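For reference, the structure is listed below as structure tokens.
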Amino acid sequence: MKTLETGVRNARNVGRYLFGRGGLDQLDSILRSRREMSENGVVFFVDEYFENNSNLVSRLSIQSGDRLKFISTVHEPTTDYINSLRDELVADGMAAPCAIVGVGGGITMDSAKAVSNLLTNGGRAEDYQGWDLVKIPGIYKIGVPTLSGTGAEATRTCVMTNKRSGLKLGMNSDFTVFDQIVLDPDLTATAPRNQYFYTGMDAYIHCIESSAGYYRNAIGDAYSRETINLCRQVFLEGDMMAAHNREKLMVASYLGGCAIATSYVGVVHPFSAGLSVVLGIHHCVGNCITMRAMAEFYPEEYSEFWKMVELQNVEIPSGLCKDLSDDQYDRLYESTVVHEKPLTNALGEDFKSILTREKVKELFQSM
Ligand code: ZN
């Protein structure tokens, strides 16, 4: 197979990471130096899943002058939502906090990244959807994942949907990368089992897609190899949520995030994006649903994926695209084939001769 150059830019990784069980308790000391530099408090964005978890909230050592906002995870972030979070902080006298801390899954971490950039750069979130449009560094940002898999803690993007234009695209920028992350595997212990699986599979799927693509580079390949290796250990050997496996999956998520920063995804992500845009299905479960239709594109990984589902005894929704209207199938087709770069990566430049309108409809119907 002929490989193509990804043309990786001068890559940037997170500033610092702290890894280990109980690591959350060191957040306070990390924040101390930020507090000494400014009179302004810290903004905490916490996944609403923890709203009634007083133990987690008390460990954040929130002080007077700080703000705590629970982030809704019913829908993935829209540009309007990011704008409203920023407007709320400004109206509350928190236009320049000394730090923003995002504690939660991909939605919460992405919201923290986006608001951090928006507070210093001004304008509206939709102004920065694209590549390298953010002009100056955002507010110092810290990511604390409570789910492993999306790699949001490692990447230079934060995904948002503009409802008016239908554009689902992040602020791809070096300034979107977290200054600090705290990787504490104890924080994923209370995740719902199905959600834990769906999110973890995002790391696996990113890396099987990039490893099978035409666009390749040695660094992306190395990150992908180890991510897949760790995912196999987590999901094929014993209980995926055992302490040692939660530790491994947190590492896989971080490395998987580094992998996609230097490579491209393949067939799964475009179909999952279609499910998201047309039916509002969240990213990670959308990937798993898409795997129902991937036997011909990723035969070995398809078998392995379904073996993992069976071993871990999780449920993947089915039949969601069986009886849709012609208009919905048309929109699914459009919102899938619009992802030219990953589809070219997986199938070559002639991908539309493989993914015809009829073929795409059949694949969705088989999910
Ligand atoms: Zn993904």
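The values are calculated or read from the model by the stated rules, or taken from the named source; none is laboratory data. These numbers come from a predicted model, not from an experiment. Virtual Cβ from ideal backbone geometry, glycine too; neighbours counted across all protein chains shown.
Data table
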| quantity | calculated |
| --- | --- |
| Any hit, the range 237-245, residues being in a helix (DSSP H, G or I) and charged (D, E, K, R) | no |
| Residue list for the range 208-218, filter: part of a helix (DSSP H, G or I) and away from the ligand (no atom under 15 Å from the Cβ) | 218 |
| Conditions (1) in a loop (DSSP other than H, G, I, E, B); (2) assigned by TED's automatic domain parsing to the domain that holds residue 101; (3) free of Cβ contacts under 8 Å to residues at least 60 places away in the same chain; number of the one not met by residue 10 | (2) |
| Residue 280, sole failed condition from (1) crowded, with 20+ Cβ neighbours inside 10 Å; (2) within 20 Å of the chain's Cα centre (by Cα); (3) more than 18 Å from residue 205 (Cβ to Cβ) | (1) |
| The one condition in (1) in a helix (DSSP H, G or I); (2) within 25 Å of residue 363 (Cβ to Cβ); (3) touching a helix residue (DSSP H, G or I) at 6+ places or on another chain (Cβ under 7 Å); (4) not aromatic (Phe, Trp, Tyr) that residue 292 fails to fulfil | (3) |
| Residue 205 of a type outside the set (S, T, N, Q), within 14 Å of the ligand (Cβ to nearest atom) and touching a helix residue (DSSP H, G or I) at 6+ places or on another chain (Cβ under 6 Å) | yes |
| Tally, over the range 285-305, of residues that are among the polar types (S, T, N, Q) and away from the ligand (no atom under 14 Å from the Cβ) | 1 |
| Residues being within 13 Å of residue 271 (Cβ to Cβ) and assigned to a loop (DSSP other than H, G, I, E, B) - total across the range 331-358 | 3 |
| Number of positions in the range 310-333 that are more than 24 Å from residue 278 (Cβ to Cβ) and among the hydrophobic types (A, V, I, L, M, F, W, C) | 2 |
| Single residue of 264, 254 found to be within 26 Å of residue 331 (Cβ to Cβ) and either assigned to a loop (DSSP other than H, G, I, E, B) or under 13 Å from the mean Cα position of the chain (by Cα) (or both) | 264 |
| Top-ranked residue in the range 318-327 [being of a type in the set (A, V, I, L, M, F, W, C) and closer than 30 Å to residue 232 by Cα; ranked as surrounded by the most Cβ atoms within 10 Å (Cβ to Cβ)] | 321 |
| Members of the range 261-277 found to be among the polar types (S, T, N, Q), buried (at least 24 other Cβ atoms within 10 Å of the Cβ) and touching a residue at least 40 places away in the same chain (Cβ under 8 Å), listed by number | 263 |
| Cβ-Cβ under 8 Å pairs, at least 6 apart or on other chains, the range 232-252 side under 16 Å from residue 186 (Cβ atoms) and basic (Lys, Arg), far side surrounded by 15 or more Cβ atoms within 10 Å (Cβ to Cβ) and at pLDDT 95 or above | 246/148; 246/185; 246/186; 246/188; 248/230; 248/233; 248/234 |
| Set 212, 218, 203: member being without any contact (Cβ under 8 Å) to a residue 12 or more places away in the chain, assigned by TED's automatic domain parsing to the domain that holds residue 256 and among the small types (Gly, Ala, Ser) | 218 |
| Counted residues, the range 271-284 - those being within 11 Å of the ligand (Cβ to nearest atom) and part of a helix (DSSP H, G or I) | 5 |
| Scan of the range 236-255 for residues that are surrounded by fewer than 18 Cβ atoms within 10 Å (Cβ to Cβ), within 22 Å of residue 143 (Cα to Cα) and in contact with a helix residue (DSSP H, G or I) (Cβ under 8 Å, 6 or more places away or on another chain), ordered by number | 243 |
| Among (1) crowded, with 20+ Cβ neighbours inside 10 Å; (2) under 22 Å from residue 167 (Cα atoms) - the single one residue 102 does not satisfy | (2) |
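Yes/no matrix, rows are residues, columns are (1) modelled with pLDDT of 95 or more; (2) assigned to a loop (DSSP other than H, G, I, E, B); (3) surrounded by 12 or more Cβ atoms within 10 Å (Cβ to Cβ):
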residue	(1), (2), (3)
310	yes, no, no
316	yes, yes, yes
329	yes, no, yes
360	yes, no, yes
367	yes, yes, yes
